[in-house]
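The values are calculated or read from the model by the stated rules, or taken from the named source; none is laboratory data. None of these values were measured; they are calculated from a predicted model. Positions of Cβ are backbone-derived with ideal geometry, glycine not excepted, and every protein chain shown enters the neighbour counts. These accessible areas exclude ligands, DNA and RNA; they are computed on the full protein's heavy atoms, side chains included. Shrake-Rupley method; radii C 1.70, N 1.55, O 1.52, S 1.80 Å.
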Amino acid sequence: MTTKANRWGAALGIRLTNPVLEKFRIDEKTILDLDVEEDRIIITRAKVQSKITLEELFEGFDGEYELDDEDKAWLNMKPQGSEIL
């Protein structure tokens with residue numbers, strides 16, 4: 001397939017034809033990654049992390065948490081400057 005870059009504001013854009021959009025199930029909400037390898041531009045579907053619910057985030061957490069030594073030291077530090085206490 002051959003296409004031409006067209007002016008789009010201060011940038012250049014390329015158009016993807018309907019057969020390409022349909023084959024790869026791309027629509028206006030699809031996030032794409034662009035990579036450059038030597039003299040090629042490679043377009044791939046971005047691996048987007050799905051949203052995690054609060055319940056999923058805390059799944060398996062029993063409410064108990066113990067600070068490590070570094071966290072304890074940080075919490076016990078005296079102010080060094082003009083921090084608001």
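Quick look at the numbers
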| item | result |
| --- | --- |
| Fluctuation leader among Leu12, Leu54, Leu75 - the chain, Gaussian network, Cα springs under 10 angstrom | Leu75 |
| Pair Asp69, Thr2: separation of 7 Å Cα→Cβ label points (nm) | 6.9 |
| Trypsin sites (Lys or Arg not before Pro), loop per DSSP, at most 12 other Cβ atoms within 10 Å - longest free stretch of the chain | 52-85 |
| Where chymotrypsin sites (Phe, Trp or Tyr not before Pro) fall in DSSP loop in the stretch 33-85, at most 12 other Cβ within 10 Å | Phe58, Phe61, Tyr65 |
| Enclosed volume per residue, in Å³, of the convex hull spanned by Cα atoms of the chain | 326 |
| Label point distance in nm, Ile42-Phe24, each placed 7 Å from Cα along Cα→Cβ | 1.3 |
| Radius of gyration and Dmax over the Cα atoms of the stretch 42-85, both given in Å | 19.5, 52 |
| Mean Cα-pair separation over length for the chain, i.e. relative contact order, pairs under 8 Å, 6 or more apart, % | 12 |
| Per residue solvent-accessible surface (Å²) - the chain, probe of 1.4 Å | 107 |
| Exposure rule at most 13 other beta-carbon atoms within 10 Å, DSSP loop GluC sites (Glu not before Pro): the chain longest free segment | 1-27 |
